[in-house]
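See structure below.
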Amino acid sequence: MRLDKNNNSNIIYRIAANNLLAKKSSSLISLLSILLVTALICVLSLFILGQRTKETQGNAGIYTIFFVSLLFFTASSIVIYSIFYFSVAARARQIGQFLTIGMTEKQVKKMIRREGLLLSVIAIPAGLLLGGLVICIAMPEGWDLAEYGTVSLVIAALEFLIVQISIGKPASMASKVSPIEASKYNMDAGRGDETGKKKHKFLSPFTLAQMEIRNNPKRLGLTTMSLALGGILFMVAATWIASWDREAFSRQGVFRDCEYYLEYSYDPHGAPKTYGITDFQRKGTLSDALAEEIRAIPHVKDVHIERTATGVISYQGAVFTQPFCPLSSEDAEYFELPAEGHNTYAYMARHDAIFITDSGFCEKVNGIVFTPGEKLQISYFDGEEHTIELEIAAVSEEKAASHPERTTFCMSDATMKKLWAGMNTAQSFSISVDDFEENGAQAEEQLRALVSRYDDLSLRTLREQKLEDAAQIPELEMQIYGIAAFVIMFGVFHLVNTVCGSIMSRKKQLSMLESVGMEERQVRNMLLSESFFLTLPNILLTITLGSAAGFGFISMMQKSASYLEYRFPVAAILLYVIGMVGIPMIITIVCLKKQQKYSLVERIRNED
């Protein structure tokens, strides 16, 4: 069957197409697997692009998209590789027959690659259409036709490449099948050798299942690899959500030590002013007298007054509005921060110098670098405009942990009094109550009655923050679980493909077992045991490595997310185990029921 150069390609295409049509069941599984893998990658890519915000754009956003995309393409490569590996392994006899009648090794490789190409031409465009339709329905506001077209081209090119790379190894192995040994060939290089073992064993569905798994180590390894990838990511996601303290999450920022936050009604984004809230402070509504009125409300425990003053900084060509907070000699936490320069209260007060914390953020935003000892120009307003030069006393890349919501530009309280001597610099009141759950509603009612007398004040409450978070947290949890579920789906596709492919490739073997007296119930139990053994290593790896990864992730995240407290996700892991055990068993039962529609004789005769 050596083919000349003129008709070689056409005949190889015809043989490949006939092979796919002849093996309808396995071809359909391969087609659906590539289609769904493509659709999942398309949905995920468009979802990530649709969720981008100004804060996530730039290097961080690009790295996130690159990492997640790499993860998914790795998972899809494993799935596609396994699809063709087991497909070729099941057709060793047919390939041997082709070699017997004269087909060359090169032609065998080309035939198998053509099969992958034909499947890709159908499945990849269909997967891209399905992914686009899903994202269009789920996120109509984030749909962009040009972006979809670009993503589709990139995914199509990569998926075609992945299919061809994944086919390479199976195609190479198939071309080396000996025509003589083809009838008994098995492509699992690590197939167990029973030599030297006891020849007579007690056979049962359970032991037969053990033998099948042991004799196909590559199938077990590929399935475990693809499932464990998603399982470990799922455990990290489940641990993150289980460790999420909703009360602590809502208390981030201004509600760290209070339940009510009273501030001026100023929207810097809606109608920004050159000197921020300075006009409100000059009016002085947040006065000591108002603080005393609030303290007199029943169940109010304390009122903490936060003070700031706003100026316009000019430094290294950058001009930006910046609030300053005052530091006293008792703010030891600030003076213990690792810093470059003179990080002491005495130096700041004596030289009227400023201390900049979390310097990296401001430097990145404004494109400048703060250098201790240099001076910056500050314009400020207290009824009249003033301009002054102040020295940069010290710069720290870190931020005061107990005041994460406070401005990062600081000066001594003595300097602030010099500059804004006649102005009330109160910025906000942080109000705490005794037993918030029991007395909060009563205190809030009286607070609102008091605040209603002033049209320049705004009251924020922990109760409202909790309601807002209660609406956002489930959405965030769904996104976290969604990414993990996407990765798990690749492993599930692989598992379903493996289970279905194994049963279909062994139709004759299973039918022969029935013909020599094995009951249908015993065949079913054997295959159910196989499916359990197939998923057991993944479950063990997910629980052990996944738990370790989850613990490590929470430990790392606690440095920046104080609302996380490690908890083992018992409910999530139970659902995962049930799903991993139940899915292959359901697939096994469905495949067996489909087989039982045909008589035993028909099953023995037919290959597909």
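The values are calculated or read from the model by the stated rules, or taken from the named source; none is laboratory data. Computed from a prediction, not measured in an experiment: that's the story for all the values here. Please note: Cβ atoms are built from the backbone with ideal geometry, for glycine as well, and neighbour counts cover all protein chains shown. Please note that ligands, DNA and RNA were not included when accessible areas were found on the heavy atoms of the full protein model with its side chains. Shrake-Rupley method; radii C 1.70, N 1.55, O 1.52, S 1.80 Å.
Near the amide H of L327, under 5 Å away, which other amide H atoms are found, from residues 5 or more places off or on another chain, if H is placed in the peptide plane?
The answer is M411, S412, D413.
Whole-Hz ³J(HN,Hα) for each residue in segment 385-390, computed from phi via Karplus 6.51 cos²θ - 1.76 cosθ + 1.60 with θ = phi - 60°, x for glycine and proline: what do you get?
In residue order, the calculated couplings are 7, 10, 9, 9, 9, 10 Hz.
Taking amide H positions as placed in the peptide plane 1.01 Å from N, state which residues far from T310 in sequence (5 or more) or on other chains have amide H under 5 Å from it.
F324
Could you list which residues have their amide H under 5 Å from that of S428, counting only those 5 or more apart in sequence or on another chain, with H placed in the peptide plane?
Residues meeting the amide H criterion: E306.
Beyond a 23 Å Cα-Cα separation, which of these cross-linked pairs lie in this structure: K218/K594; K508/K597; K273/K301? If you can, show how the numbers build up before the last one.
On the way: K218/K594 27 Å; K508/K597 15 Å; K273/K301 34 Å.
Beyond 23 Å between Cα atoms: K218/K594; K273/K301.
Against the 2.2 N^0.38 Å scaling, with N counting residues, where does segment 347-466 land? I'd like the Cα-based Rg ratio to two decimal places. All intermediate terms of the calculation are to be shown ahead of the outcome.
Values: Rg = 19.0 Å, N = 120, 2.2 N^0.38 = 13.6 Å.
For segment 347-466, the normalised Cα radius of gyration comes out at 1.40.
If you count only protein heavy atoms and use a 1.4 Å probe, how large is the accessible surface of L467, to the nearest 10 Å²?
110
Can you give me the orientation-averaged projected area of the convex hull built on the Cα atoms of segment 396-500, in nm²? Display every interim value, and only then the final one.
Values: hull surface 55.3 nm².
Its average projected convex-hull area is 13.8 nm².
To the nearest 20 debye, what is the magnitude of the charge dipole of segment 390-538 about its Cα centre, counting +1 on the Cβ of each Lys and Arg and -1 on the Cβ of each Asp and Glu?
On the way: 14 positive and 22 negative charges, 164 e Å.
So the magnitude is around 780 debye.
Quick one: 3J(HN,Hα) in Hz for segment 432-444, Karplus 6.51/-1.76/1.60 with θ = phi - 60°, rounded, Gly and Pro as x.
10, 10, 7, 6, 4, 4, 8, 10, x, 4, 5, 5, 5
Expected output is a single nm value to one decimal: the length gained when fully extending between D456 and R506, i.e. 0.36 nm times separation in residues minus the C-alpha distance. What is it?
On the way: separation 50, 0.36 × 50 = 18.00 nm, distance 7.87 nm.
This chain segment gains 10.1 nm when fully extended.
Just to confirm a number: summing +1 for Lys and Arg and -1 for Asp and Glu over residues other than E363 whose beta-carbon lies under 15 angstrom from that of E363, what do you get?
On the way: positive: K364, K399; negative: E340, D358, E374, E397, E398.
The answer is -3.
Which order do the peptides 115-123, 402-410 come out in when sorted by mean C-beta neighbours inside 10 angstrom, highest first?
115-123, 402-410
So, counting K/R as plus one and D/E as minus one, what does the shell of residues with Cβ under 12 Å around E397 add up to? Intermediate values should be presented prior to the final figure.
Working: positive: K364, K399; negative: E340, D358, E363, E398.
Cβ neighbours under 12 Å give a net charge of -2.
Sort all Cα-Cα distances of segment 456-562 into consecutive 5 angstrom bins from zero, then give the percent of pairs in each bin up to the one containing the longest distance.
Each 5 Å bin holds this share of Cα pairs: 2, 8, 10, 13, 12, 10, 9, 8, 7, 6, 5, 3, 3, 2, 1, 1, 0, 0, 0.
Once segment 306-405 is represented by equal point scatterers at the alpha-carbon sites, with solvent omitted, what log10 I(q)/I(0) does the Debye formula produce at q = 0.12, 0.15, 0.19 Å⁻¹?
With one equal scatterer per Cα and no solvent, log10 I(q)/I(0) is -0.38, -0.60, -1.00.
Under 8 Å for C-alpha pairs, at least 6 residues apart: give me the relative contact order for segment 268-343, rounded to a whole percent. Spell out each step's value before the answer.
Numbers: 45 pairs, mean separation 17.6, N = 76.
The value is 23 percent.
Quick one: 3J(HN,Hα) in Hz for segment 364-374, Karplus 6.51/-1.76/1.60 with θ = phi - 60°, rounded, Gly and Pro as x.
Rounded to whole hertz, the list is 5, 5, 9, x, 9, 10, 7, 10, x, x, 6.
Please give the length that would be gained between T104 and E477 if that part of the chain were fully extended, namely 0.36 nm times their separation in residues minus their C-alpha to C-alpha distance (nm, one decimal). Write out the running numbers ahead of the final one.
Numbers: separation 373, 0.36 × 373 = 134.28 nm, distance 5.47 nm.
Difference between extended and current length: 128.8 nm.
Order 31-38, 214-221, 510-517 from most to least packed using the mean count of other Cβ atoms within 10 Å. Each step should come with its number before you reach the end.
Values: 31-38: 23.1, 214-221: 17.8, 510-517: 14.0.
So the order, starting with the most tightly packed, is 31-38, 214-221, 510-517.
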